[in-house]
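What follows is a short report on a single structure.
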Amino acid sequence: MERRELEAKGFLVTPGFIDLHAHLREPGFEESETIASGSRAAVRGGFTTICAMANTEPAIDSPGLVAEVIARGRAAAAARVLPIATITRGRAGRELADLIELAAAGAIAFSDDGSPVDDARLFRHALEYARTKDLLIIEHAQDMTLSAKGVMHEGVVSARLGLPGIPSAAEEVAVARDIAIAEMTGARLHLTHISTRGAIASIRDAKSRGIRITCDVTPHHLAMTDDWVAGVREFAWERDGSRARVETATKANAPLSESERARLPERESRPAPTPRATLYDSATKVNPPLRGWSDVRALWDGLVDGTVDAIATDHAPHVSVRKDVEFDQAAFGISGLETALSLVLGGMNAGWCDRDTVIRALTSGPARVLGIPIRDDDWIAIDLDAEWTVAADALDSLSKNTPLLERRLRGRVVYAVVGGQARYEGGLRGASPVGSR
């Protein structure tokens, strides 16, 4: 099908999305995801290119493993798969991997994601080494001594739920360190899944000073707050900044008392019913954790003013035995490739961002971070009005760990072309009829 034909039917046609951060789990954890299943999920979500993170088993720290990921990606015949290799051997944080050799084998960037490079001297050496060939280092900015055994954002909600928290400072201290080392070395540094307003402020300042730093945010950090752990199911833009009603809702999902209701602002005194889920829903457990409303708003502000370069999914699929357990024992991660577009369109439709900014953050923004061109033969068609319900049996990802199950969303990819070949067209069958727009 031709682009013009789809545009004539009222669909939005854009370049294919590029995901800087996806966990495809192969090799080692194929029960959670494979390169084939993950790349199929990607094209359904509009991502024609995905960067596969290196925290597999074994970790992607040798040219042979890089080549294997590339070969399996090609065989899948879905989204284009670009391997990210490790910064350190085995992601152990003790000695550098051979970045130049890995780049020659096809690694697009380097990251120990999930295991930040704690040794500042080693991290400096990694950036200096990468700078010699202008290679890209991607860092999960987190001070592990501050995050310790935390399982969600440290704040009012974590205190009421009795769960150990991960303070915003764990990210903000690490971001400050990473910026200082990037400035010292002059290397390219990308900070992934930024989640706090303080981190956004530091990155904004660093960019103003000409430091070669970029960053991304995730759809779930743009849409959800820490209140989701407590069973509240409002998107951030649906709350419009009110904290009182949600904080009281964490009390075992109890209705508001008369005294609590009296303390609410007048316009919130008769709140509409809120969709709710179970307390301690492990599908909401992510790292970095879902943050507060002001953090979410700061991420959107950073997207609008260009501080944030890209939206990346941090697609982190897990089999049910790793998620359907007590919250503090569950693995971190949300399966997000197939719901990413709908989440960011929700914020756009609420007036938090314009369409051009959203599309840029999913296309030219990540392309610029990676230093790759936008391909004319990668494109997608979107039905902006399509409403659909997230159902486990309808997701292509092998794992279904998302708190959005049974949620009604709006906006969906109906057609995807990769390298000039149609890789997904099933969405056309459920597309909105012409004239309904």
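Tabulated results
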item: Close pairs from the stretch 320-339: first in contact (Cβ under 8 Å) with a residue 12 or more places away in the chain, partner in a loop (DSSP other than H, G, I, E, B) and open to solvent by 70 Å² or more (accessible area, probe 1.4 Å), Cβ under 9 Å, at least 6 apart; result: E326/Y280; F327/Y280; D328/K149; D328/Y280; A330/D324; S335/L398
item: Long-range neighbours under 6 Å by Cβ, at least six apart or interchain, first residue more than 15 Å from A298 (Cα to Cα) within the stretch 346-359, second part of a loop (DSSP other than H, G, I, E, B); result: G346/F235
item: Which listed residue, of H190, H221, is touching a strand residue (DSSP E or B) at 6+ places or on another chain (Cβ under 7 Å) and at pLDDT 95 or above; result: H190
item: Elements of type helices (runs of 4 or more DSSP H) in the stretch 284-373, at least 1 residues being open to solvent by 10 Å² or more (accessible area, probe 1.4 Å) and farther than 21 Å from E31 by Cα; result: 293-305, 340-349, 355-362, 364-370
item: Filter result (within 28 Å of G45 (Cβ to Cβ) and either assigned to a strand (DSSP E or B) or in contact (Cβ under 8 Å) with a residue 40 or more places away in the chain (or both)) within the stretch 90-107; result: L102, A105, G106, A107
item: Filter result for L6 (farther than 22 Å from Y415 by Cβ, outside any loop (DSSP other than H, G, I, E, B) and open to solvent by less than 10 Å² (accessible area, probe 1.4 Å)); result: no
item: Matching residues, the stretch 71-105, being under 12 Å from A52 (Cα atoms) and out of contact with any strand residue (DSSP E or B) (no Cβ under 6 Å at 6 or more places or on another chain); result: R72, T86
item: Any helices (runs of 4 or more DSSP H) falling wholly within the stretch 128-240 and containing at least 3 residues that are of a type in the set (V, I, T); result: 168-185
item: Test: residue in the stretch 19-28 that is open to solvent by less than 50 Å² (accessible area, probe 1.4 Å), touching a helix residue (DSSP H, G or I) at 6+ places or on another chain (Cβ under 8 Å), assigned to a strand (DSSP E or B) and among the hydrophobic types (A, V, I, L, M, F, W, C); result: yes
item: Pair list, Cβ < 6 Å and 6+ apart or interchain, from the stretch 173-192 residues that are acidic (D, E) to residues that are part of a strand (DSSP E or B) and open to solvent by less than 10 Å² (accessible area, probe 1.4 Å); result: D178/E139
item: Verdict on P58 being out of contact with any Ser or Thr (no Cβ under 9 Å at 6 or more places or on another chain), at pLDDT 95 or above and part of a loop (DSSP other than H, G, I, E, B); result: yes
item: Conditions (1) crowded, with 22+ Cβ neighbours inside 10 Å; (2) in contact with a Phe, Trp or Tyr (Cβ under 9 Å, 6 or more places away or on another chain); number of the one not met by L96; result: (1)
item: Residue count, the stretch 70-89 (criterion: in a helix (DSSP H, G or I), in contact (Cβ under 8 Å) with a residue 40 or more places away in the chain and touching an Asp or Glu at 6+ places or on another chain (Cβ under 8 Å)); result: 1
item: Residue satisfying condition, being of a type in the set (D, E, K, R), within 25 Å of T339 (Cα to Cα) and at pLDDT 95 or above, within set D226, D240; result: D226
item: Any hit, the stretch 394-409, residues being open to solvent by 40 Å² or more (accessible area, probe 1.4 Å), farther than 20 Å from V296 by Cα and part of a strand (DSSP E or B); result: yes
item: Failed criterion for R160 (all others in (1) under 30 Å from T225 (Cβ atoms); (2) of a type outside the set (F, W, Y); (3) open to solvent by 40 Å² or more (accessible area, probe 1.4 Å); (4) free of Cβ contacts under 8 Å to residues at least 60 places away in the same chain hold); result: (4)
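Residues are listed down the side, and each one gets a yes or a no for (1) under 22 Å from the mean Cα position of the chain (by Cα); (2) closer than 18 Å to D314 by Cα:
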{"position": "L161", "(1), (2)": "no, no"}
{"position": "H190", "(1), (2)": "yes, yes"}
{"position": "K207", "(1), (2)": "yes, no"}
{"position": "G210", "(1), (2)": "no, no"}
{"position": "H220", "(1), (2)": "yes, yes"}
{"position": "D226", "(1), (2)": "yes, yes"}
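The values are calculated or read from the model by the stated rules, or taken from the named source; none is laboratory data. Remember, it's a predicted structure, so these values are computed and weren't measured experimentally. Neighbour counts are summed over all protein chains in view; Cβ atoms, including those assigned to glycine, are modelled from backbone coordinates with ideal geometry. When the accessible area is computed, the model is the full protein with side chains, heavy atoms only, and any ligands, DNA or RNA have been set aside. Shrake-Rupley method; radii C 1.70, N 1.55, O 1.52, S 1.80 Å.
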